[in-house]
Amino acid sequence: MKNILVTGGLGYIGSHTVVELIAHNYNPIIIDDLSNTNIEVLERLKKITGKEITYYKNDVCDTATLTHILNTHHIEGVIHFAAFKAVGESVQFPLKYYHNNIGGLVSLISAMEACQIKNIVFSSSCTVYGEPDFSPVGELSPIKKASSPYGNTKQIGEEILNECAFLNAVALRYFNPIGAHESALIGELPLGVPNNLVPFITQTAAGIREKITVYGNDYNTKDGTCVRDYIHVVDLAKAHVKAIDFINQNPNNHFDVFNIGTGNGFTVLEIIETFEKVNQIKLNYTIGARRVGDVEKVWANNDKASNVLGWQAELNLEKMVESAWRWQQHLH
Ligand code: UD1
């Protein structure tokens, strides 16, 4: 069984990927510093998979410990999730983002180089396209100037991987992951007030938040609210397994990027309406001002992931909002 180091493996996307790796006969070794998650996730992963899982509480910036872990286990490849992701916070505290997201990546690649490990899958984002001239965006669409330090860390991260010639790297550009595992044992659990739309919706439905503010309804879209490509986190997790398979099958590849989205765009109001319809819950919402830095519309051309990785999204929006709500209810 191949050992895969998963940094940030107890986080939202990381934990779902650990489940899929085990389902596909990989052995994930998790490191996570618990800066934005809870150790309880580890027990839940064991419950879902019925497997013991090796875990280290470790910061990716600690190169010496990383090197030790890579040497201890015969690691075939790394999936690197460990990073901060709040766009607004990154504007306020840019150095926190450069330290963790860039410093962490450099630390990890240094440890990999020392241990002669070259296979890596990197969490990138559709944020690298900025406000695209048109959608769907393909991987060859222009990279626009990042609108936040967070976005910049994803652009620079891709460049660093490309410049490290010894690597066999894949960057997955995620669109908007939502939803939760069908067991409702793992899901997205933001600490504090959520920044992202769907956790805000589920917490409002649960009575934790009074109402949702829709950030602007004067955009040039069908109902005036922003359009995004929402993707089920389980589909996204499966894309990582496909990326690891692809790297293993193409040992002489150096660097590739793939869009991971469904190819469908939905407005904020469509998400709210679908949530209400599927879960039979009325949501309290108001229309507010635009959020600074928001992109008007973006959705993916995912032909490359389909043709090269053999990956396709399988779960629809109804499943996404249904599983998100079941996860939220399971928390209480
Ligand atoms: C952004 C980035 C994404 C990044 C993510 C990390 C883009 C296009 N996407 O996602 O790459 O990984 O941040 O957090 O840059 N909304 C409301 N009310 C709310 C919350 C959100 O109306 O309370 C709206 C937003 O205006 C947006 C949509 O919901 O139109 C989705 O927002 P969110 O979930 O925060 O994700 P993005 O900003 O798209």
* Please list, in chain and number order, the residues 5+ apart from ASN3 or on another chain whose amide H is under 5 Å from its amide H, with Hs placed from the backbone. => ASN27, GLU76
* Structure fact -> Sorted by chain and number, the residues with a modelled amide H under 5 Å from that of LYS297, at a separation of 5 or more or across chains, are VAL227
* Take the solvent-accessible surface of the protein heavy atoms, probe 1.4 Å, and return the percent of it on the range 1-126 that carbon and sulfur atoms account for. => 52
* Structure fact -> Expressed to one decimal in nm², the mean projection of the alpha carbon convex hull of the range 194-310 is 9.0
* **Inter-part distance where the range 230-259 and the range 92-142 are each reduced to a Cα centre, Å** => 14
* Assuming R0 = 35 Å, can you tell me the calculated FRET efficiency for the pair VAL308 and LYS96, based on Cβ-Cβ distance, to the nearest 0.05? => 0.50
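Report, in deg cm²/dmol and to the nearest 500, the calculated mean residue ellipticity at 222 nm for the chain, where each DSSP H run with n ≥ 4 adds -39500 (n - 2.57) and the sum is divided by the residue count.
Values: 11 runs with 120 residues, N = 332.
Theoretical 222 nm ellipticity from helices: -11000 deg cm²/dmol.
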* Asked: What accessible surface, in Å², does a 1.4 Å probe find on PHE122, ignoring ligands, DNA and RNA and rounding to the nearest 10?
  -> 10
* Asked: Could you give the dipole magnitude of the range 1-140 about its Cα centre, charging the beta-carbon of Lys and Arg +1 and that of Asp and Glu -1, in debye to the nearest 20?
  -> 360
* Could you sort ILE39, ILE260 by accessible area so the largest value comes first, with the probe set to 1.4 Å? -> ILE39, ILE260
* In the chain, what is the volume of the convex hull around the alpha carbon atoms, normalised per residue and reported in Å³? -> 122
* the range 40-91: proportion of alpha-carbon pairs further apart than 15 angstrom, % -> 65
* What percentages, rounded to whole numbers, describe P(r) for the range 1-128 computed over all alpha carbon pairs with 5 Å bin width beginning at zero? -> 2, 11, 22, 24, 20, 13, 6, 2, 0
* Structure fact -> For the chain, the charge dipole (Cβ of Lys, Arg +1; Cβ of Asp, Glu -1; about the Cα centre) points to a positive end, and the Cα of VAL321, LEU21, VAL78 closest to that extreme belongs to VAL321
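With every protein chain kept in the model, how would you rank ARG290, ARG209, ARG228, ARG326 by accessible area, 1.4 Å probe, largest at the top? The partial results should precede the final answer.
Working: ARG290 120, ARG209 60, ARG228 35, ARG326 80 Å².
Ranked from most to least accessible, the order is ARG290, ARG326, ARG209, ARG228.
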* Inter-label distance for PHE134 and HIS73, nm, one decimal - labels placed 7 Å from Cα along Cα-to-Cβ -> 4.5
* Jot down the radius of gyration and Dmax of the range 158-250, Cα atoms only, both in angstrom. => 17.8, 51
* Asked: Between rounded, prolate and oblate, where does the range 1-63 land on the alpha carbon gyration tensor, with a ≥ b ≥ c its root eigenvalues, rounded for a/c under 1.5, else prolate if a/b exceeds b/c?
  -> oblate
* **Karplus (6.51, -1.76, 1.60) ³J(HN,Hα), θ = phi - 60°, over the range 260-269, in Hz, Gly and Pro reported as x** => 10, x, 8, x, 10, x, 10, 7, 4, 5
* Roll a 1.4 Å probe over the protein heavy atoms and report the accessible area of PHE246 in Å², nearest 10. => 20
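Kindly flag which residue pairs out of LYS57/LYS238; LYS46/LYS154; LYS297/LYS319; LYS145/LYS282 have an alpha-carbon separation exceeding 28 Å in this structure. Don't skip to the end; give the middle numbers.
Numbers: LYS57/LYS238 25 Å; LYS46/LYS154 31 Å; LYS297/LYS319 22 Å; LYS145/LYS282 39 Å.
Among LYS57/LYS238; LYS46/LYS154; LYS297/LYS319; LYS145/LYS282, the Cα-Cα distance tops 28 Å for LYS46/LYS154; LYS145/LYS282.
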* Structure fact -> Spelling it out for ILE212: with amide H atoms placed in the peptide plane at 1.01 Å from N, the residues 5 or more places away or on another chain with amide H under 5 Å from its amide H are ASN284, TYR285, THR286
* **Cα-based helix-to-principal-axis angle, 149-163 vs the chain, degrees rounded to 10** => 30
* Rounded to the nearest 10 degrees, what's the angle between the helix 317-330 long axis and the longest principal axis of the chain, both from Cα atoms, 0 to 90? => 80
* Which distance in Å, rounded to a whole number, links the C-alpha centroids of the range 1-56 and the range 265-305? -> 29
* How do 252-258, 100-106, 216-222, 230-236 rank on mean C-beta neighbours within 10 Å, highest first? -> 230-236, 100-106, 252-258, 216-222
* Rounded to the nearest 10 degrees, what's the angle between the helix 104-114 long axis and the longest principal axis of the chain, both from Cα atoms, 0 to 90? => 20
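The values are calculated or read from the model by the stated rules, or taken from the named source; none is laboratory data. Because the structure is predicted, anything quoted here is derived from the model rather than measured. When we count neighbours, we look across all protein chains shown, and the Cβ atoms used for this are built from the backbone with ideal geometry, even at glycine. Keep in mind that these areas ignore ligands, DNA and RNA; they rest on the heavy atoms of the full protein, side chains included. Shrake-Rupley method; radii C 1.70, N 1.55, O 1.52, S 1.80 Å.
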